[in-house]
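Participant: Dropping a structure here in structure tokens format, bear with me for questions.
The values are calculated or read from the model by the stated rules, or taken from the named source; none is laboratory data. Here the structure is a predicted model, which is why all the values come from computation and not from measurement. Cβ: placed from backbone, ideal geometry, glycine included. Neighbour counts: every protein chain shown.
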Amino acid sequence: MTKKQRICIVGGGFGGLYTALRLHELPWEIEDKPEITLIDKGDRFLFSPLLYELITEEIQSWEIAPPFEEVLAHTGIIFRQGAVTNIDLDSKQVTVDNSLTVHYDKLVISTGGKTPLDKVSGALTNAIPFRSLKDAYRIIEKLRLLEDSNLDKIRVAIVGGGYSGVELACKVADRLGEKGRVRIIDRGTQILDHATDFNRKTALKALEERQIWLDLETEVAKVEAEEIDLVYKGQVDTIPVDLVLWTVGNQVSTLTEQLNLEKSDRGLLKIQNTLQVLDNDDVYALGDIAECRDEEGNILPATAQVAFQQSDYCAWNIWAQINHKPLLPFRYQALGEMMALGVDSASLSGLGLQLDGSLAYIARRLIYLYRLPTLKHQLTVGLNWITQPLVELLS
Ligand SMILES: Cc1cc2nc3c(=O)[nH]c(=O)nc-3n(C[C@H](O)[C@H](O)[C@H](O)COP(=O)(O)OP(=O)(O)OC[C@H]3O[C@@H](n4cnc5c(N)ncnc54)[C@H](O)[C@@H]3O)c2cc1C
């Protein structure tokens, strides 16, 4: 090889960060080791499956959102903080914040999704999404203000009865206790449409125990500062609320929309089974922005589990491509699903195992601990989880 290959990874989430870390670990000849640049608009990675725990203060933000500089220390991977504003596929360059230019030989796009709030009148200004660290802080701040007010009841409406809506509802209900009046609004006939029967039943029990109200077959028509319009069987009902949380929808980023690459009806990038985009073998796409199928041709869901598994293949295939070896087709392995259902409780089903309550809570924590990026971070967080209860007991 004559010159060092430059690999640019746009987006440092489950797809991008783990691809970068895996690439670093692969067996490169010293002189061939590529220059790897990771670009993210934020300064830290977010382990989103544990974001709910911030609401109940079961976890601190440093545990689930380590700075990229820390995670990438001693790897040689270059981190650039900034929003990628343009990707020029012809001249193979990426523009960061409309100014800095990064040239690449291989590009990985993994910019994830965003929650669309512009579909329903008033949602953009009056509802808070639940996707980022900033969203979680906004919700905590709002809950704190409501808790400090002299309200008898705190009414929270959560839009969406999928995993996010249900998990968030249980955590909010546990945080608010007696004062909380939490409801989930969903247009479907049941919650957790894609979950296993076991997890759905366990979740329904958890919702019932917390007296969380379910508005099924209900559409949100309008969100205002202190009320929400719900449509059930053609009838509009206006309900007073103190807080509206929005968990539905997954839209690709504007950057992806602008790319001159083949996309699905939902705007997702179409990819080959090697995770390369169509008609451009030097560009890989993974995670929530890519339409990926399993061996039977079913579209895989937008989950961390999928992005995490893809990152392994993506790194390997870039290595193989540079080293003139055959590329591997991505094979997804469904490992089951887990849900947090309030403080110290969860539900887990997969690989022939079904657990609920505190046992599932412990298993979920341990599995996620193992999935955190870098051994150093896993050890620091694991040690904190062991020592924290002791510190609380002694203080
Ligand atoms: C609250 C919550 C809970 C979840 N729980 C689970 C769960 O329990 N299990 C599960 O499997 N999945 C879960 N998911 C889904 C999972 O988090 C996503 O599927 C996964 O993060 C997708 O990975 P990704 O790399 O595609 O995107 P992300 O992890 O979202 O990463 C995208 C990154 O790109 C960066 N970015 C975006 N645009 C730009 C730009 N223009 N320039 C630079 N950087 C950019 C973002 O800052 C971000 O860091 C959850 C999601 C949420 C929001």
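Participant: Out of the residues in the range 192-225 that are part of a helix (DSSP H, G or I) and acidic (Asp, Glu), which is farthest from Asp174 (Cα to Cα)?
Facilitator: Looking at the filtered set, the residue picked out is Asp197.
Participant: Can you tell me which of Asn150, Asn98 is surrounded by fewer than 18 Cβ atoms within 10 Å (Cβ to Cβ), in contact with a strand residue (DSSP E or B) (Cβ under 6 Å, 6 or more places away or on another chain) and in a loop (DSSP other than H, G, I, E, B)?
Facilitator: Asn98
Participant: When you go through (1) within 17 Å of Leu192 (Cα to Cα); (2) part of a strand (DSSP E or B) one by one for Val166, which number turns out not to apply?
Facilitator: Failed condition: (2).
Participant: Does the range 220-237 include one or more residues that are under 26 Å from the mean Cα position of the chain (by Cα), in contact (Cβ under 8 Å) with a residue 12 or more places away in the chain and crowded, with 19+ Cβ neighbours inside 10 Å?
Facilitator: Scanning the range 220-237, I find at least one residue that is under 26 Å from the mean Cα position of the chain (by Cα), in contact (Cβ under 8 Å) with a residue 12 or more places away in the chain and crowded, with 19+ Cβ neighbours inside 10 Å, so the answer is yes.
Participant: Taking the criterion of being away from the ligand (no atom under 15 Å from the Cβ) and either under 26 Å from Trp316 (Cβ atoms) or touching a residue at least 24 places away in the same chain (Cβ under 8 Å) (or both), would at least one residue in the range 35-54 satisfy it?
Facilitator: Yes, because at least one residue in the range 35-54 is away from the ligand (no atom under 15 Å from the Cβ) and either under 26 Å from Trp316 (Cβ atoms) or touching a residue at least 24 places away in the same chain (Cβ under 8 Å) (or both).
Participant: Please go through (1) surrounded by 14 or more Cβ atoms within 10 Å (Cβ to Cβ); (2) over 20 Å from Asn250 (Cα atoms) for Leu269 and return the number of the only condition it doesn't satisfy.
Facilitator: Just one mismatch for Leu269, condition (2).
Participant: Something else: Test Ile128 against the criterion of being in contact (Cβ under 8 Å) with a residue 12 or more places away in the chain and over 18 Å from the mean Cα position of the chain (by Cα), and give yes or no.
Facilitator: It is false that Ile128 is in contact (Cβ under 8 Å) with a residue 12 or more places away in the chain and over 18 Å from the mean Cα position of the chain (by Cα).
Participant: Test Gly76 against the stated conditions and say whether it is near the ligand (Cβ under 9 Å from one of its atoms), outside any helix (DSSP H, G or I) and either at pLDDT 95 or above or over 16 Å from the mean Cα position of the chain (by Cα) (or both).
Facilitator: Considered against the rule, which asks whether it is near the ligand (Cβ under 9 Å from one of its atoms), outside any helix (DSSP H, G or I) and either at pLDDT 95 or above or over 16 Å from the mean Cα position of the chain (by Cα) (or both), Gly76 comes out as no.
Participant: The conditions are (1) farther than 30 Å from Asp118 by Cα; (2) free of Cβ contacts under 8 Å to residues at least 40 places away in the same chain; (3) in a helix (DSSP H, G or I), and Val306 fails exactly one of them. Which is it?
Facilitator: Single failed check for Val306: (1).
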